[in-house]
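The values are calculated or read from the model by the stated rules, or taken from the named source; none is laboratory data. Since we're looking at a predicted model, the values are computed, not measured. As a convention, Cβ positions derive from the backbone with ideal geometry for all residues, glycine included, and neighbour counts pool all protein chains shown. Just the protein is used for accessible areas: all its heavy atoms, side chains included, with ligands, DNA and RNA removed. Shrake-Rupley method; radii C 1.70, N 1.55, O 1.52, S 1.80 Å.
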Amino acid sequence: MTLKQANGHEHDEKTYVHRISMSLSPKLLAEFDKSMIKAGFTDRSKAIQTALHSFVDEHNWVDDLPKSGAGAIIMLYDNHVYNQDTKSTTIQHKYNDIISAATHLHLNDNNCLESIMVKGDVRRMKELANELSKNRGIKSLKFHFVNVV
């Protein structure tokens, strides 16, 4: 597919790139740069491209999966962000048809780790993960899916 098909401009994907800019906190950028070096990258653009590919893969997983399965949603969040616990609990109650169990771990004064075990409809799992990830206090959210044979 050419980029013209994707965005209306005539360019070959292999020879044309888009330049973007983004705003990051100095702390996040410093952490990214350290992680990038630890991972063996010397080029920030390549490291960001790799991270973006990972993000795309992680969020497109539902397209080729069966209708049911099981998994775990793992969230790290700042418990001082206003109403984070209440928002998370309210969302989870809407998805009690797929949530089998949840655990909450206090890591320190600022951070909590929550694990939500899910089974059932894959699309509902994806909706739950997406809805939870929209909360401001979420620092990291990972969904680990297993296909139940």
Within the range 133-149, considering residues that are in contact with a strand residue (DSSP E or B) (Cβ under 6 Å, 6 or more places away or on another chain) and buried (at least 16 other Cβ atoms within 10 Å of the Cβ), the one nearest to ASN83 (Cα to Cα): GLY137
The range 5-37, subset open to solvent by 100 Å² or more (accessible area, probe 1.4 Å), at pLDDT below 95 and of a type in the set (D, E, K, R), residue nearest to SER140 (Cα to Cα): LYS27
Candidate set from the range 67-83 (those that are open to solvent by 30 Å² or more (accessible area, probe 1.4 Å) and among the hydroxyl-bearing types (Ser, Thr, Tyr)); member that is nearest to PHE145 (Cα to Cα): SER68
ILE99 vs. criteria open to solvent by less than 30 Å² (accessible area, probe 1.4 Å) and among the aliphatic types (A, V, I, L, M): no
Residue tally, condition part of a loop (DSSP other than H, G, I, E, B) and hydrophobic (A, V, I, L, M, F, W, C), over the range 16-34: 4
